[in-house]
């Protein structure tokens, strides 16, 4: 019972700090997305394609979350956008405090879009509000069409599903209709995009929608 | 500080129960592997191929761990082996207690190989001993060659790395030499197999090695 109470306290504290982040982001007129997925689903690749498409129109900043290494921050920095790397040192998700600390070290003036790339984990980050406007869950076709039912909380707590690696559909056992049906069964209001970060297919639809969400 | 103490207590309790599981498995002369990976890397597919290849020679039983659904247990049950499903109901990893409870409901006499398929998560299951002989980490080529460095604990705590989906190598950005180098940098004693559960390539090498580990 004491463990449950402590966990509740941790989550309450996280919600408090997430609300503080949300206030800061709101003051700066920022649109903030929290990208979540399994390891290797293509979060950084989607971010690279998104920055490439939008950086001449809007100002983007990035917070990178990783268990170890700064590989992703280096990949993103090559595109000339400000990026802060959070290394969680073993922890399986980002928390609002870490994001708040990172944001305090960033110049958020004139930034339109802040992208938080979470740790690669389809379970734990679902439970942690970081102060974002929405969670965007990325799922690759190679993971299979049953994943929304097997990891429901992430799909329930996300507003958008981006299905990546559609170029690999001919080679993998993944039925897109079933995948979409499973995702909408968990969360009927999910907005769904289909993309390939390798061929670029579907990236413009995703970027147009993202731009439409941003308050300039 | 109190949270850290509670976490340590949880892990100590887990280690105690894992030791109890290990004793039970040892008494029954069982070889036990704990298969861990990201969601969709192919744990259940590897299990299906392994059962198919070995079930006429050895007796296999399975414990399936999932956040939700009994899809994997149903897939495995079709091969005619005893299987117990653990639904963690949101929890991100299996613990020794759950495995002990499952084992208490199984007839372990004459079983040679017990396979525990963990929850799909490349972070959290690394820290939990279930009483297994070894962790087998599965990584698919579609996840990319940088993953051992980004999720080091899982590779450090595993004895075997099975690289799956090698049939997709022509279509994905994954260099096998770099992947192996990265894995061995984290854990120089990792035994590495390369397989495709789709084409069957490499499955016999993996199964031959697995058979050699089993005390009949």
Sketch the reach of a paramagnetic label on residue B:176 as a point 7 Å from Cα along Cα-to-Cβ, and name the residues of the range B:102-145 whose backbone nitrogen lies under 20 Å away. B:137-145
Ranking A:49, A:165, A:13 by Cβ neighbours within 10 Å, fewest first, what do you get? A:13, A:49, A:165
Once the cut-off is 17 Å, how many percent of the Cα-Cα pairs in the range A:106-146 end up in the long-distance tail? 47
Springs between alpha-carbon atoms under 10 Å, Gaussian network over chain A: tell me which of A:129, A:167, A:57 tops the mean-square fluctuations. A:57
Residue-averaged beta-carbon neighbours from other chains (10 angstrom radius) around B:116-123: 5
So for the range A:64-136, using the alpha carbon gyration tensor with a ≥ b ≥ c as root eigenvalues (a/c under 1.5 gives rounded; past that, a/b versus b/c decides prolate or oblate), I'd call it oblate
Rounded to the nearest Å, what's the spacing between the alpha carbon centres of the range A:8-59 and the range B:143-176? Just the number, please. 27
I need the shape label for the range A:116-216. Rule: rounded when a/c is under 1.5, else prolate if a/b > b/c, else oblate, with a, b, c from the alpha carbon gyration tensor. oblate
Applying 1/(1 + (r/R0)^6) with R0 = 30 Å to the Cβ-Cβ distance of residue B:69 and residue B:105, what FRET efficiency is obtained, to the nearest 0.05? 0.95
Sequence-separation-based contact order of the range B:119-161, relative, with Cα cut under 8 Å and 6+ spacing, percent: 53
Would you please give the FRET efficiency between residue B:185 and residue B:89, computed as 1/(1 + (r/R0)^6) with r the Cβ-Cβ distance and R0 = 51 Å, to the nearest 0.05? 0.90
Report the relative contact order of chain B, percent, no decimals, based on alpha-carbon pairs under 8 angstrom and at least 6 residues apart. 25
First check a/c for the range B:2-214, with a ≥ b ≥ c the square roots of the eigenvalues of its C-alpha gyration tensor; if it is under 1.5, answer rounded, and if not, answer prolate when a/b is larger than b/c or oblate otherwise. oblate
What gaps in nm, shortest first, separate residue B:7 from its twins in the other copies when you place the label 7 Å past Cα toward the beta carbon? 1.5
Compute the distance in nm between two label points, each set 7 Å from the Cα along the Cα-to-Cβ direction, one at residue B:212 and one at residue A:134. 5.3
Once you've got the GNM for chain B with C-alpha springs shorter than 10 Å, pick whichever of B:122, B:184, B:30 has the biggest mean-square fluctuation. B:184
How many Cβ atoms of partner chains, on average, are near each residue of A:69-77 if near means within 10 Å of its Cβ? 1
What is the fewest-to-most order of A:197, A:207 by other Cβ atoms lying within 10 Å of their Cβ? A:207, A:197
Taking each residue in B:142-154, count the Cβ atoms of any other chain within 10 Å of its Cβ, then average. What number comes out? 6
Between B:20, B:78, B:153, which gets the highest mean-square fluctuation from a Gaussian network model of chain B, Cα cutoff 10 Å? B:78
Where the label is 7 Å out from Cα toward Cβ, how close does residue A:189 come to the same position in every other copy, in nm, shortest first? 5.3
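Every number in this text was worked out from the coordinates using simple rules, so none of it is lab data. Quantities reported herein were computed from a predicted structural model and do not represent experimental measurements. All Cβ positions, even for glycine, are placed from backbone atoms using ideal geometry, and neighbour counts span all protein chains on display.
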